[in-house]
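J.: Just passing along the structure, written as structure tokens.
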């Protein structure tokens, strides 16, 4: 059975904007992939159309079927992870094997103090003011 | 509730597959399509799954080696229809099938022109609100039981809305399942956090 994994430093999945992180990726595939790619992506989710952007892509050249590799990634300064009732912006790391396109995804939070920004409704905001 | 945890969020709704009714299925529908030489219409009112079915049909035909070109029309882009049509036809070969989403946006003369030009193509499959454009391939229908099945797929049993809620939603939106699901999204958006209870 095929397996792809992404490990975070000290199992953290919340990070500061601009932070540099060391990641460990590993895979066990039945067939040797042509290449493996680690992608840092964000996507929106909610009531409307989903937007998605690949912000960084780290290729792992000449992969063998079973392997563990390390990489360092500098996270971008924005957009922050945020969520409201209508839209959520989520960051994720995706490890994809080609050409099979077998993949795994782990969600992360990129925001000041590592906490997703919660959007309040106008009513809630007025109450605070 | 966070938008990403809402069981009725757009990406989940868009991943729903078309549900055939009255004993119909893919095999019979594809046989009918072949019988009418790949020139047919998917007919039905708004929000009952015409585009979903059309897209699934395109995926199946593409998998079988039929090249497909889409012309997607809606109220917002109908004024750009001449340019869109020109662009669509520009690089089509006689092997292509033309799929038109929202054919009801075309006026009579524009439709006649497309129909004539599409005569040189391998097929023309449209979706539209009314019959009479091309032989009807399938009539998509809406029902409370369809809404109920969709809600069942999106929610675990213990969180499903009562039947009365679904009936009243169905009536309020005149059978438009898409609008019913948007209303359910709004209801869930105001609900307390149930993260972990709803399948991602």
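J.: Give me the distance in nm between label points sitting 7 Å out from Cα along the Cα-to-Cβ direction at residue B:178 and residue B:95, one decimal.
T.: 3.3 nm
J.: Against the longest principal axis of chain B, how steep is helix B:163-172, in degrees 0 to 90 to the nearest 10, with axes from Cα atoms?
T.: Helix B:163-172 and the main axis of chain B meet at about 40 degrees.
J.: Residue by residue through B:7-15, how many Cβ atoms from other chains fall within 10 Å of the Cβ on average?
T.: Working: counts 0, 2, 9, 7, 6, 1, 1, 2, 0.
For peptide B:7-15, the averaged partner shielding equals 3.
J.: Mind putting together the pair-distance distribution for chain B? All Cα pairs, 5 Å bins, whole percent per bin, short to long.
T.: Once binned at 5 Å, the Cα pair distances of chain B give 1, 7, 14, 17, 16, 13, 11, 9, 6, 3, 1, 0.
J.: Moving to a separate point now. So for the pair residue B:34, residue B:164, with labels modelled 7 Å out along Cα→Cβ, what separation do we get in nm?
T.: Modelled inter-label distance: 5.1 nm.
J.: So if I take the centroid of the Cα atoms in region B:38-77 and the same for region A:33-65, what is the distance between those two points in Å?
T.: 29 Å
J.: Rounded to the nearest 500, what is the 222 nm mean residue ellipticity of chain B from helices alone, with -39500 (n - 2.57) per DSSP H run of 4+ residues and division by all residues? Please list the in-between numbers first.
T.: Values: 8 runs with 83 residues, N = 200.
One gets -12500 deg cm²/dmol as the mean residue ellipticity at 222 nm.
J.: Quick one: if the Förster radius is 56 Å, what FRET efficiency do residue B:56 and residue A:113 give, using the C-beta to C-beta distance and rounding to 0.05?
T.: Numbers: r = 45 Å, r/R0 = 0.80.
E between residue B:56 and residue A:113, to the nearest 0.05, is 0.80.
J.: Counting only other chains, what is the mean number of Cβ atoms within 10 angstrom of the Cβ of each residue in peptide A:46-56?
T.: Working: counts 11, 10, 3, 3, 4, 0, 0, 0, 0, 0, 0.
Rounded to a whole number, the mean comes out at 3.
J.: Now for a different question. Applying 1/(1 + (r/R0)^6) with R0 = 45 Å to the Cβ-Cβ distance of residue A:104 and residue B:108, what FRET efficiency is obtained, to the nearest 0.05?
T.: Details: r = 52 Å, r/R0 = 1.16.
About 0.30, to the nearest 0.05.
J.: Something else: Is any residue of region B:1-15 close enough, with backbone N under 17 Å, to a label point placed 7 angstrom from the Cα of residue B:190 along the Cα-Cβ axis, and if so, which?
T.: Flagged as within label range: B:1-3, B:6-8.
J.: Would you mind checking the radius of gyration and Dmax of chain A based on alpha-carbon positions, in Å?
T.: Looking at chain A, its Cα Rg and Dmax stand at 17.0, 59 Å.
J.: Next question. Test of understanding: what is the full-extension gain from residue B:86 to residue B:74, defined as 0.36 nm times their sequence separation minus their Cα-Cα distance? Spell out each step's value before the answer.
T.: Values: separation 12, 0.36 × 12 = 4.32 nm, distance 1.66 nm.
That pair, residue B:86 and residue B:74, stretches by 2.7 nm at full extension.
J.: If packing is taken as the average count of other Cβ atoms within 10 Å, what order do B:103-113, A:7-17 fall into, highest mean first?
T.: Peptide ranking by packing, descending: B:103-113, A:7-17.
J.: For the protein assembly as shown, with equal point scatterers placed on the C-alpha atoms only and solvent neglected, what are the log10 I(q)/I(0) values from the Debye formula at q = 0.07, 0.09, 0.11, 0.13 1/Å, to two decimals?
T.: After summing over all Cα pairs, the log10 values are -0.41, -0.67, -0.96, -1.16.
J.: Under the rule of -39500 (n - 2.57) per DSSP H run of 4 or more residues, summed and divided by the residues of chain A, what mean residue ellipticity at 222 nm is obtained, to the nearest 500 deg cm²/dmol? Working shown, then result.
T.: Details: 1 runs with 7 residues, N = 129.
The per-residue figure over chain A is -1500 deg cm²/dmol.
J.: Considering the alpha-carbon set of region B:142-189 alone, what are its Rg and its Dmax in angstrom?
T.: Expressed in Å, the Cα Rg and Dmax of region B:142-189 come to 9.6, 27.
Values quoted throughout were computed directly from the atomic coordinates according to the rules given, and no laboratory measurement underlies them. Here the structure is a predicted model, which is why all the values come from computation and not from measurement. We place every Cβ from the backbone using ideal geometry, glycine too, and count neighbours over all the protein chains shown.
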